[in-house]
Amino acid sequence: MRIIAGSRRSLPLKSVPGMGTRPTTDKTKETLFNCMQAEIPGAYFLDLFAGCGQIGLEAMSRGAQYCVFVEKEKKAIACIEDNISFTKFNQETKLIPKEVLYALTELEGRYQFDIIFMDPPYNHELEKEVLIRLQNSPLLKEDGMIVVEASLQTDFSYLDDLGYSIIKQKKYKNNTHIFIERKRVH
């Protein structure tokens, strides 16, 4: 696993030992960042359920201004710390070692994000809990975007009711990326 583009291109990243996390493959990561490339430079990026931190670090390498990682698993936290240190993004990043919903409360009023990325454990509806929590939150900038990595079976039919709309969706063999924004009030 490595950073695939930008200022830290080709730097190898540690992954979390065991099967508790599913690191995003380089090919999927490339497609994901191709879809977001216009929004990344100068962005404040929030990486929820961060695993080893590779998505947030890729965003930093591609020109994001700041990234906050949220992860609660001890092995993953150590992995993120090592990867931040190795890529020398210590000054431009923050790691919050907490459960995601608690971390969101802690972040509110202190940060506003252009992009909120989440890759929660599949098929537990954790993305729905987070989207409900972010519904009226100032954490997401007015023109910000939420990206969810989920299993192909994940139901997103509730998005409209929560005031979100899907900008685009990329499907892969085993999972999907859903790009979401708040509906504009005219």
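Looking at S157, is it open to solvent by 60 Å² or more (accessible area, probe 1.4 Å), over 17 Å from A50 (Cα atoms) and hydroxyl-bearing (S, T, Y)? It is true that S157 is open to solvent by 60 Å² or more (accessible area, probe 1.4 Å), over 17 Å from A50 (Cα atoms) and hydroxyl-bearing (S, T, Y). Taken over the stretch 138-151, the criterion of being touching a strand residue (DSSP E or B) at 6+ places or on another chain (Cβ under 6 Å) and surrounded by fewer than 18 Cβ atoms within 10 Å (Cβ to Cβ) is satisfied by K141, S151.
Condition test on Q54, is it without any contact (Cβ under 8 Å) to a residue 40 or more places away in the chain and not acidic (D, E)? Here the answer is no, as Q54 does not meet what is asked.
Restricting attention to the stretch 161-177 and to residues that are assigned to a loop (DSSP other than H, G, I, E, B) and more than 15 Å from V130 (Cα to Cα), the residue that is least open to solvent (accessible area, probe 1.4 Å) turns out to be Y172. Restricting to the stretch 96-121, count the residues that are open to solvent by 40 Å² or more (accessible area, probe 1.4 Å) and not hydroxyl-bearing (S, T, Y). Final tally of qualifying residues: 10. Among all positions in the stretch 20-27, there is at least one residue which is over 15 Å from E149 (Cβ atoms) and either at pLDDT below 95 or in contact with a helix residue (DSSP H, G or I) (Cβ under 8 Å, 6 or more places away or on another chain) (or both).
Do the conditions hold for R62, that is, is it among the basic types (K, R) and crowded, with 20+ Cβ neighbours inside 10 Å? Answer is yes for this residue. Among the criteria (1) at pLDDT 95 or above; (2) open to solvent by less than 40 Å² (accessible area, probe 1.4 Å); (3) under 17 Å from G144 (Cβ atoms), the one C35 does not fulfil is (1). Applying a threshold of 6 Å to beta carbon distances and a minimum spacing of six or more residues, or different chains, the list of pairs starting in the stretch 96-110 at a residue that is within 9 Å of E71 (Cβ to Cβ) and ending at one that is assigned to a helix (DSSP H, G or I) and at pLDDT 95 or above reads I96/A103; P97/I77.
The values are calculated or read from the model by the stated rules, or taken from the named source; none is laboratory data. In this text the structure is predicted, and so the values were computed from the model without any measurement. Ideal geometry is used to build each Cβ from the backbone, glycine not excepted, and the neighbour counts take in all protein chains shown. What goes into the accessible areas is simple: the full protein's heavy atoms, side chains included, and nothing from ligands, DNA or RNA. Shrake-Rupley method; radii C 1.70, N 1.55, O 1.52, S 1.80 Å.
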